[in-house]
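Working notes for the structure below.
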Amino acid sequence: MTAAAPRNARRPHATGASDARIWTRLQPFVATALVLGLIGIPLWLVVATAGKSQGEALNPDLSLPDNWQLFENLRQVWVDGEVPAAFLGSLLVVVPTVAGVLTFGSMAAWILARRATRLNAVLYALGISGIVLPPAVVTVVLLLRQLGLAGSAVGMIGVYMGIYMSTVIFFVTGFVRTIPTSLEEAAQIDGAGPFTVFRRVVLPMLRPVLATATILICLYVWNDVFYAFFVIGGRIDTLPLNLFRVASAGLYLNNWHLIFAYVVLMSLPLVIVLAVAQRKIISGITSGAVK
């Protein structure tokens with residue numbers, strides 16, 4: 001009886017280790033199931049509804065359409081929904097916003113990362129405060145009216161740059177701190193000025209984190225309807241604003257197959273960009289934010 005006691009005492013530990021191994025093996029399957037549930041089901045709902053006829057799409061569900069009409073619905077939305085004009089309007093806002101935010105944000109992040117002073121520490125805290133402090137829409141609109149920029153693309157670009165500048169500063173500052181200063185010092189010894197050092201030494205190394213920031217900002221700005229609705233007020237037709245307009249119109253009222261087809265068209269550019277740049281996105285997040 002006394003010899004059996006030690007063996008029985010070790011059983012809970014062995015059972016716990018076995019449970020841990022089983023859970024480790026099940027983790028990939030659990031993660032895959034969660035991804036399919038949280039992303040796959042809504043995505044399938046959009047695609048399946050976009051491929052149905054008007055009668056089948058009156059009550060959107062996960063069922064297969066009796067006859068796939070996806071390309072016919074996409075063609076109808078492209079023509080009747082004035083998608084090309086809205087697409088150009090979105091590009092008119094997104095491209096200057098991304099270029100301006102990346103340019104000025106990366107320059108500011110480089111200075112904040114290299115000059116460790118109390119003033120720069122305060123400026124860095126203020127610079128990234130926009131991540132957690134959303135702007136007041138009423139104040140922004142009143143300010144733009146005073147400046148004469150309300151309802152214009154310039155005003156909308158300025159608002160987006162002010163909102164998402166903190167995101168670029170946060171990612172790029174952490175990334176710059178991982179770059180050896182000896183590279184910049186070598187360029188300075190060769191006679192390069194600050195702008196040349198940044199353009200030829202620092203900027204090429206920022207490609208992974210800038211790719212990450214580009215995707216995030218494009219995602220925010222491309223799908224934004226809240227700030228665009230109050231700032232430009234429909235004077236510039238972007239894809240989200242145009243979707244809101246056509247979904248409220250009589251032609252698209254309760255026509256869920258056309259509304260979801262519009263969503264598919266609006267999402268395709270971002271899906272393509274994400275598929276192409278996914279490796280750089282992961283590299284930029286781990287190098288800039290974590291380190």
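Side notes on the structure shown:
- Residue satisfying all of: in region 136-147; loosely packed, with under 13 Cβ neighbours inside 10 Å, at pLDDT below 85 and not hydroxyl-bearing (Ser, Thr, Tyr); farthest from the chain's Cα centre (by Cα) among these: 138
- Scanning region 237-276 for residues that are modelled with pLDDT of 80 or more, of a type in the set (Val, Ile, Thr), over 20 Å from residue 68 (Cα atoms) and open to solvent by 20 Å² or more (accessible area, probe 1.4 Å) yields 271, 272.
- Any hit, region 160-175, residues being more than 23 Å from residue 113 (Cβ to Cβ), surrounded by 13 or more Cβ atoms within 10 Å (Cβ to Cβ) and touching a residue at least 40 places away in the same chain (Cβ under 8 Å): yes
- Here residue 216 fulfils each of the conditions (1) buried (at least 21 other Cβ atoms within 10 Å of the Cβ); (2) at pLDDT 80 or above apart from (1).
- Residue count, region 194-209 (criterion: open to solvent by 30 Å² or more (accessible area, probe 1.4 Å) and in contact (Cβ under 8 Å) with a residue 60 or more places away in the chain): 3
- Conditions (1) over 17 Å from residue 104 (Cβ atoms); (2) modelled with pLDDT under 85; (3) surrounded by fewer than 20 Cβ atoms within 10 Å (Cβ to Cβ); (4) not small (Gly, Ala, Ser): number failed by residue 131: (1)
- Helices (runs of 4 or more DSSP H) enclosed by region 119-231 - at least 3 residues per element that are of a type in the set (Ser, Thr, Tyr): 153-176, 207-222
- Number of positions in region 38-61 that are open to solvent by 90 Å² or more (accessible area, probe 1.4 Å) and either more than 17 Å from residue 267 (Cβ to Cβ) or not in a helix (DSSP H, G or I) (or both): 3
- Those residues of region 208-230 which are among the hydroxyl-bearing types (Ser, Thr, Tyr) and within 13 Å of the chain's Cα centre (by Cα), in sequence order: 212, 214, 220
The values are calculated or read from the model by the stated rules, or taken from the named source; none is laboratory data. Quick caveat, the model's predicted, so the values are computed rather than measured. Positions of Cβ are generated from backbone atoms using ideal geometry, with glycine treated the same way; all protein chains shown enter the neighbour counts. With ligands, DNA and RNA removed, areas are computed over all heavy atoms of the protein, side chains included. Shrake-Rupley method; radii C 1.70, N 1.55, O 1.52, S 1.80 Å.
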